[in-house]
1. Run the numbers for residue 185 and residue 398: contour at 0.36 nm per residue of separation, minus the present Cα-Cα distance, in nm.
2. Let me spell out the model: positive unit charges on the Cβ of Lys and Arg, negative unit charges on the Cβ of Asp and Glu, origin at the Cα centre of segment 242-360. What dipole size does that give, in debye rounded to 20?
3. With just the Cα atoms defining each centre, how far is segment 307-358 from segment 155-211? Give it in Å.
4. Name the residue from 119, 164, 188 whose Cα lies farthest towards the positive end of the charge dipole of segment 67-261, charges +1 on Cβ of Lys and Arg and -1 on Cβ of Asp and Glu.
5. Of 92/223; 314/398; 117/363; 134/175; 139/363, which sit over 23 Å apart, Cα to Cα?
6. Helix-only mean residue ellipticity at 222 nm, the chain, DSSP H runs n ≥ 4 weighted -39,500 (n - 2.57), per residue, nearest 500. What is it?
7. Would you calculate the separation in nanometres between label points at residue 233 and residue 303, each defined as 7 Å from the Cα along the Cα-to-beta-carbon direction?
8. Which shape class applies to the chain: rounded if a/c is under 1.5, otherwise prolate when a/b exceeds b/c and oblate if not, where a ≥ b ≥ c are the square roots of the Cα gyration tensor eigenvalues?
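Bear in mind these aren't lab numbers, they're just calculated from the coordinates by the rules spelled out. These figures come from a predicted structure and were not determined experimentally. Counting neighbours? That spans all protein chains shown, and the Cβs are built from the backbone with ideal geometry, glycine included.
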Amino acid sequence: MSLWMIFKVAVLAIFRNKTRSLLTCLGIIFGIAAVIAVLAIGKGASAMMVAEISQMGNNLVMVFPERKQAGVVHQGLGGGQNMTAEDVIAIKNELSHLVQFASPQVNAFCQLMHQNKNWSTRVQGVSVDFPDIKNWTMKEGRFFNEQEERRASRVCVIGTSVASNLFGEEEPVGKTMRIKNMAFKVVGVLNSKGANNWGDDQDDTVMAPYTTVSRVLQGSAFKSINMMNLSLYDMDDLDEAKREITAILRQRHKLADYQDDDFETRDTTEIMNTIGSVTGLMTVLLTVVAAISLLVGGIGIMNIMLVSVTERIKEIGLRMAIGATPFMILTQFLLEALVLSAVGGVIGVAAGIGVAQAIGAMKHWPIVVEAGSAILAFGFSAFVGIFFGFYPAYRASKLNPIDCLRYE
């Protein structure tokens, strides 16, 4: 009997019990669907995180003052008053071979007014380098220039959310709005970036020269800044840049060798590694659950095949009596198990992709289905069929044809 004929016999045996065959495949279907859905959602989440982090800045390194503590309450990063704009200028000048752009940042939460409309949002005081650091382009108008920064001019650029809520259909560029009852001229509107992964509207912002925000809006007697944003030429130089930044700031802040740093550095690679480790751990845990489902499906295939062998003992004896060898019997039952698991694998891959797409549509998440993961999942389902189908097939091949023909 040829291999093709053995395959046809195996398929016909499966289709004789359609309902039982389908129920046998369910474990494989659920396991493969879970694997595909988990991997697709996990890859999509990672891609979304990478895209979100890339929006944070171009080769970004952030430096924050020491954490400020009032009593037992920590005010968090940026709460100290030990870092100044002069620190940023010194770093940019001394590390010009490493640092491409640098900007201080001071923040103030202010009430905005234009005619009879008002809006509250955060005003960021930054330098002219800030758009290059943050990969932020202009929708209308321009960003403020170095002369306006030096003079602490009352000019600003606004995000699209501020433009919509404060100006409506009116053209904002060239108009005047009031920030803390002080007149500011709008010189530009930023392109939209939308909400970040934490749900914050990145377009709900106003940017003005840090000199203006510090002197006019904060009215602070200190020259402190909330943070500095640095853009490196190449992230391969990150370790060297962080060492040099640390050395410069420790020297400028006159810290002794035994004293700890009074600042903290953060960079996008740290954030990406943290997010990657979390998403990777979740993917592993969910994949283990899916693998358990596959294991249960494989055991189900083995049990059903054992039942099938018992039900078809006379058929096996008859085949052996007319010339079927033990190898042919072994091959037939192995093919039955393989077909069951392969069909379950195909349905599971399709179901997994469908579930992932449905979840992505409901939650507005990107879904990344890789052909490699689908092929791997299908291959694993076939392996499960062969592995768990071998014992029933081996048992069928070792039956005595005379005993089989006498079996009642």
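1. The span from residue 185 to residue 398 would gain 67.6 nm if fully extended.
2. Details: 9 positive and 11 negative charges, 77 e Å.
So the magnitude is around 380 debye.
3. Between the Cα centre of segment 307-358 and that of segment 155-211, the gap is 66 Å.
4. Farthest along the dipole direction, towards plus: 119.
5. The pairs that break the limit, which is 23 Å between Cα atoms, are 117/363; 134/175; 139/363.
6. -18000 deg cm²/dmol
7. With each label point 7 Å from Cα toward Cβ, the separation is 6.7 nm.
8. Taking the square roots of the gyration eigenvalues as a ≥ b ≥ c, the chain is prolate.
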